[in-house]
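Below is one structure; the comments refer to it alone.
The values are calculated or read from the model by the stated rules, or taken from the named source; none is laboratory data. It should be emphasised that the depicted structure is a prediction, and the values quoted were computed from it without experimental measurement. Cβ sites come from the backbone with ideal geometry, for glycine too, and all protein chains shown count toward neighbours.
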Amino acid sequence: MEYYNYIKSLHLIFVITWFAGLFYIPRLFVYQIEAFHKPSPEKEILGKQLKLMAKRLWFIITWPSAILATLFAVWLMILMPSWLQMGWMHVKLLFVLLLFMYHYKTHLYFKQLQNDEVKVTSSFMRIWNEGATFILFAVVFLVILKSAINWVFGIIGMVALGVLIMLGFKLYKNIRSKNPEA
């Protein structure tokens, strides 16, 4: 199994690029939503460019990365079927399922914004942007520690992370209200 580490490396590379796409696309959505509320011609110019950027990111980086990360993960599971007997892997797969759900919902937001349907606020999208961060933290700690037993500490850490992110969001919102260019 000398090629195991190559498969694992490719899986990790595509997980990283998948998350990069999931981190950046909601940020583009924030800009699209804010551009939608600007006066003409700024609205149309920004909207067109942001749609193109989102489309390229989504279909050239994010979706292919998700598919390739999944294919390499399945290949790893075939090579190491004993992992399916481990509790940490069960919890990791639960988070992977949440990641797919997050990806799918993000795809729905993508389609709406491509059709100029603005159904959420830019503030909501800033919070939505943190969903992938929570999943990433959970999966990395599970994979590195290989422990589902320390789940209580994981939940405490996730709650603490959530509080810190929300405090950061509130601070940023206060700064933006005082300086709209921030």
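Take the residues of region 107-134 that are in a loop (DSSP other than H, G, I, E, B) and among the polar types (S, T, N, Q): which is farthest from residue 53 (Cα to Cα)? Step through it out loud before you land on a result.
So the first thing to find is which residues in region 107-134 are in a loop (DSSP other than H, G, I, E, B), and the list is 115-121, 129-130.
Filter once more, so that each one left must be among the polar types (S, T, N, Q): 115, 121, 129.
On the way: 115: 14, 121: 20, 129: 17 Å.
Checked region 107-134; the qualifying residue farthest from residue 53 (Cα to Cα) is 121.
Within region 80-94, residues that are in contact (Cβ under 8 Å) with a residue 60 or more places away in the chain sit with their Cβ atoms under 6 Å from residues that are surrounded by 13 or more Cβ atoms within 10 Å (Cβ to Cβ) and of a type in the set (A, V, I, L, M, F, W, C), at 6+ positions apart or across chains, in these pairs: 87/148; 88/142; 88/148; 91/142; 91/148.
Give the residue, chosen from 104, 172, that is within 18 Å of the chain's Cα centre (by Cα), of a type in the set (Ser, Thr, Tyr) and surrounded by fewer than 15 Cβ atoms within 10 Å (Cβ to Cβ).
104
Here residue 122 fulfils each of the conditions (1) under 28 Å from residue 164 (Cβ atoms); (2) modelled with pLDDT of 95 or more; (3) hydroxyl-bearing (Ser, Thr, Tyr) apart from (2). For residue 40, the conditions (1) crowded, with 19+ Cβ neighbours inside 10 Å; (2) modelled with pLDDT under 95; (3) not basic (Lys, Arg) are fulfilled apart from (1). Of the candidates 76, 71, 84, 93, the single residue that is in a helix (DSSP H, G or I), over 20 Å from residue 10 (Cα atoms) and not aromatic (Phe, Trp, Tyr) is 84.
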